[in-house]
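Asker: I am attaching a structure below and will ask some questions about it afterwards.
The values are calculated or read from the model by the stated rules, or taken from the named source; none is laboratory data. Nothing here was measured: the structure is a model prediction, and the numbers come from that model. With ideal geometry, Cβ positions are generated from the backbone for all residues, glycine too; neighbour counts draw on all protein chains shown.
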Amino acid sequence: MVSITQYLRLDIAYDGTHFHGYQKQPGVRTVQSVLDHVLYQWFGSVHLVAAGRTDAGVHAHQQVISVQVNTPVPVAVIQHKLLNWKFEDILIRSVVSVDASFHARYSAQSRTYRYYFSDKPPSLWASRYVAQLPSQPADIMAIREALPTIVGSHDFYRFCRSGSSSSSTQRHIFDARCLEIDTYWCVEITANGFLYGMVRNLLGAIFELVYQRKKQVDFDGLFTNDRSIVYNYRPVPSKGLTLYQVRY
């Protein structure tokens, strides 16, 4: 049988607890390395591109991956294999054939992250996905007051970890809100894209603003063009963060 180039879109979810992020790295377990290994065994050489390269310990409710594979295996067989593949911390939600022009990263219009937290110890089930952080009623009100500050187009270079490959640190945030979901709180941020480590650093700055009762003007100053000004804040723990949705 003659191999042909096929293009697929995978929608997956994963528990990031035991992954060193999405992107393949030497000597550690990542989401991409697991997918690469399985797909190579079945179909030979593959090329994967993800909508978002999540950090170590970060989860995904919806991660989208472009797959380019050269194989004579029909699409229906590939779909059956992937949808019936069982792994403890990765779930293949859907597999569809796409045009060669589809690109999981560059075709995306927006990405939404959610950060789940609580002031109480989470249940055993939720302990992997919910961060325990102070969150009194006054804190929640202050978080909700601070979030509109980040909406719009800004230079987020202060919130980008070293090692980023992005040529520009300008991003546009469409929406930022604090929600109550079941017994937990959740900060939900939707943007056209995120820099390396941006969400955790941004939330670390917001929570520091809230907990230390800093003035709003101090937080506004994080977007100043003066790069000589240094702000010290800790990124929030990774386990509360989930890549929630990608829109095309």
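Asker: Could you list, ordered by first residue, the pairs with Cβ atoms under 9 Å in which the first is in segment 117-135 and closer than 10 Å to Thr183 by Cα and in the same structural domain as Leu179 (by TED's automatic domain parsing) and the second is surrounded by 15 or more Cβ atoms within 10 Å (Cβ to Cβ) and basic (Lys, Arg), at least 6 apart or interchain?
Answerer: Pro122/Arg128
Asker: Then there's this: Filter segment 79-122 down to the residues that are over 22 Å from Phe43 (Cβ atoms) and among the β-branched types (Val, Ile, Thr) and list them by number.
Answerer: Thr112
Asker: Also: Output the residue which, of all residues in segment 90-107 that are small (Gly, Ala, Ser) and either in contact (Cβ under 8 Å) with a residue 12 or more places away in the chain or in contact with a Lys or Arg (Cβ under 9 Å, 6 or more places away or on another chain) (or both), is surrounded by the fewest Cβ atoms within 10 Å (Cβ to Cβ).
Answerer: Only one residue tops the list, namely Ala100.
Asker: Can you say whether Asn225 is over 14 Å from Ala176 (Cβ atoms), at pLDDT below 70 and either in contact with a Lys or Arg (Cβ under 8 Å, 6 or more places away or on another chain) or not assigned by TED's automatic domain parsing to the domain that holds Ile65 (or both), as far as the supplied structure shows?
Answerer: Judged against the criteria, Asn225 is a match.
Asker: Only one of Ala126, Ala138, Ala100 is of a type in the set (Gly, Ala, Ser) and modelled with pLDDT of 85 or more. Can you tell me which?
Answerer: Ala100
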